[in-house]
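Quick notes on the structure that follows.
Every read-out reported here was derived from the displayed coordinates using simple, explicitly stated rules and does not represent laboratory data. Quick caveat, the model's predicted, so the values are computed rather than measured. Here the Cβ positions follow ideal geometry from the backbone for every residue, glycine too, while neighbour counts run over all protein chains shown.
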Amino acid sequence: MNTTSFLLVRLALGASMFGHGLVRMPKLRGFSEWMVGSFSKSMLPAALVTPFSYFVPFAELVIGILLLLGLFTAQAAFAGGLIMVALIFGSCMIEHWDSIGSLLMHAALFALLTGFVQYNSWAVDKVLRP
């Protein structure tokens with residue numbers, strides 16, 4: 001791993017998370033209704049799915065912005081990894097096996113960022129904490 005590789009992974013994950021959050025913001029209610037509907041036959045109660053469905057787009061957007069800027073990179077990568085764990089668990093609950101590969105890839109890349117954060121040279125973090 002070097003600083004350029006780290007930057008590319010950080011920017012790719014940032015763009016993915018930012019894009020996911022951004023496109024869901026204007027249709028937040030519709031996204032929530034879709035997610036709650038997807039889980040209607042699962043063992044997870046709507047009382048848990050509904051708040052999570054509103055939380056996820058905001059989390060994706062904020063994590064994406066932080067990663068794109070390289071601000072609080074370690075914390076944003078860890079939070080992104082936790083979101084992936086929750087999404088993987090949810091996908092298992094509704095037997096949506098096709099999405100798990102992509103989620104695992106995101107989780108692995110978040111783990112890579114947290115493990116190699118010392119290579120985060122091109123970032124706002126370096127300006128704030130040289």
Which residues, counting only those in the stretch 93-103, are surrounded by 13 or more Cβ atoms within 10 Å (Cβ to Cβ) and over 20 Å from L61 (Cβ atoms)? M93, I94, H96, I100
Residues satisfying the stated conditions in the stretch 47-68, i.e. of a type in the set (A, V, I, L, M) and surrounded by 13 or more Cβ atoms within 10 Å (Cβ to Cβ): V49, V56, A59, L61, V62, I63, I65, L66, L67, L68
I'm told Q75 meets every condition in (1) surrounded by 16 or more Cβ atoms within 10 Å (Cβ to Cβ); (2) under 15 Å from the mean Cα position of the chain (by Cα); (3) free of Cβ contacts under 8 Å to residues at least 24 places away in the same chain except one. Can you identify the failing condition by its number? (1)
